[in-house]
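A short worksheet on the structure shown next.
The values are calculated or read from the model by the stated rules, or taken from the named source; none is laboratory data. This is a predicted model, so every value here is computed, not measured. Note that we place each Cβ from the backbone using ideal geometry, even for glycine, and neighbour counts take in every protein chain shown.
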Amino acid sequence: MPDWEAIVGERLADSSLAPEERREVVTELAGHLEEAFEQLRVEGLSEETAMELAFSQVKNWQSLRRKIQKARMEEDVMTDRVKQVWLPGFVTLFLSMMLLMAIQFFGPHPLIVSMSGWRTTAPVAVIYVPWLLSLLPIGAIGAYLAGRAGGSLRATLLSIAFPVLPYSVFSAIWIPVSLILGDHISHNTMPSALLLGPLAWVVLPGVALLAGGLPVQLLRSRRPASV
Amino acid sequence: MIGPGIKRGTAELAVLSVLGDGPLHGYEMARRIEEQTHGSLRFTLASLYPLLYKLEKRGWLRGAWETSDTGRRRRCYRLTSEGKKKLVPIRREWDELFRALHRLTKERHA
């Protein structure tokens, strides 16, 4: 009976896996070859032929070693969640922030909503229309990146809406705090600003991002499977 | 016999499907796939284990060492809940592809 662990261990000796992990892989592969060998012996083959046939399952040990290392180590660098949610999310967030800064510096004046209508005193919300329009392609990019990485519908929606999440969190904390503490910390914050702020920084950008991203998601889901 | 180009894409589906019936160790998995596909799909050690490790890394499978009645230690794989969820759309996509190819070849012969 061949010592399969010794045979496999020798061929995987140069592997860069951690010693404990390499031992596990060697034990597992040796077990597989041993079972294949035993089955061939049961079928009536000689020990030599059975060993040769079992061993022929691996044509190139160096290539197998590389594939195993890649499968067990490299995928750690970027998990599915990173590729499907975090990477597209941060790309859309970064692009939206950069464009907002550029538009604030170089773009036209924003729409300023005041208590008594659209005028430039006592502003309660500031709306950058060019920025909102630029969120359409940014939403599309988020949907494309998440979809390309095989993201589910939920992951894709999260990637599309990612740039509004910081504003949503801020609004969710700031509005109740302002309303509860009143004049102590927000004596100059009007209730209308508390309501219109989220509209300008969460609802409208969210709608723009989804308007850009959802058609891409729809196109991807309807696209026939590629071979 | 199915050619290697088509086989490449079916490997994940084959492994996930056969594990859908219950936990298995690598050798048994390869044997079941070969048996159930009447020899059309054949996994060798070199093609099976890199795939199992990759699917395990993705969190679709979970492997655990078990000792058989004969005292042999084997690593048994089972589908995780994420793997079960992934199997549904993958099956649907392949069903769609096979139906489309079937329609195409039927129209050619008509």
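Could you tell me which of the residues B:Leu45, B:Leu87, B:Leu55 is touching a His at 6+ places or on another chain (Cβ under 9 Å) and of a type in the set (A, V, I, L, M, F, W, C)?
Sole residue among the options that is touching a His at 6+ places or on another chain (Cβ under 9 Å) and of a type in the set (A, V, I, L, M, F, W, C): B:Leu45.
Which number in (1) at the interface with chain A (Cβ under 8 Å from one of its Cβ atoms); (2) within 21 Å of A:Lys67 (Cβ to Cβ) marks the one condition that B:Glu93 misses?
(2) is the only condition that B:Glu93 fails.
Checking the condition at pLDDT 85 or above, assigned to a helix (DSSP H, G or I), exposed (fewer than 14 other Cβ atoms within 10 Å of the Cβ) and more than 10 Å from chain A (Cβ to nearest Cβ), which residue from B:Arg103, B:Arg8 passes?
Sole residue among the options that is at pLDDT 85 or above, assigned to a helix (DSSP H, G or I), exposed (fewer than 14 other Cβ atoms within 10 Å of the Cβ) and more than 10 Å from chain A (Cβ to nearest Cβ): B:Arg103.
Name the single residue that is surrounded by the fewest Cβ atoms within 10 Å (Cβ to Cβ) among those in the stretch B:16-59 being among the hydrophobic types (A, V, I, L, M, F, W, C) and in contact (Cβ under 8 Å) with a residue 40 or more places away in the chain.
Here the residue is B:Leu51.
Just to be sure I understand the filter: pairs with C-beta atoms under 7 Å, separated by 6 or more residues or on different chains, first member in the stretch A:7-31 and closer than 18 Å to B:Arg74 by Cα, second member buried (at least 18 other Cβ atoms within 10 Å of the Cβ) and basic (Lys, Arg). Which pairs pass?
A:Glu21/A:Arg72; A:Glu28/B:Arg75; A:Gly31/B:Arg74
Being in a strand (DSSP E or B) and crowded, with 18+ Cβ neighbours inside 10 Å is the filter here, so list the residues in the stretch B:60-71 that pass it. Walk me through it before giving the result.
So the first thing to find is which residues in the stretch B:60-71 are in a strand (DSSP E or B), and the list is B:61-67.
Within the stretch B:60-71, B:Leu61, B:Gly63 qualify.
Does any residue of the stretch A:42-61 turn out to be within 29 Å of A:Ala155 (Cβ to Cβ) and within 11 Å of chain B (Cβ to nearest Cβ)?
no
So, in the stretch B:72-88, of the ones that are under 14 Å from B:Ala14 (Cα atoms) and in a helix (DSSP H, G or I), which residue ends up nearest to the other protein chains (Cβ to nearest Cβ)?
Per the criteria, the residue is B:Lys86.
Among the listed residues B:Leu19, B:Leu24, B:Leu97, which satisfies the condition of being touching a strand residue (DSSP E or B) at 6+ places or on another chain (Cβ under 7 Å) and within 26 Å of A:Leu153 (Cβ to Cβ)?
None of the others qualify; the one that does is B:Leu19.
I need the full set of residues from the stretch B:26-51 which are under 20 Å from A:Lys59 (Cα atoms) and under 12 Å from the mean Cα position of the chain (by Cα), in order please.
B:Gly26, B:Ala30, B:Arg31, B:Glu34, B:Leu41, B:Arg42, B:Phe43, B:Ser47, B:Leu48, B:Tyr49, B:Leu51, listed by residue number.
Kindly check whether there is at least one residue in the stretch A:43-57 that is hydroxyl-bearing (Ser, Thr, Tyr) and either part of a loop (DSSP other than H, G, I, E, B) or buried (at least 19 other Cβ atoms within 10 Å of the Cβ) (or both).
yes
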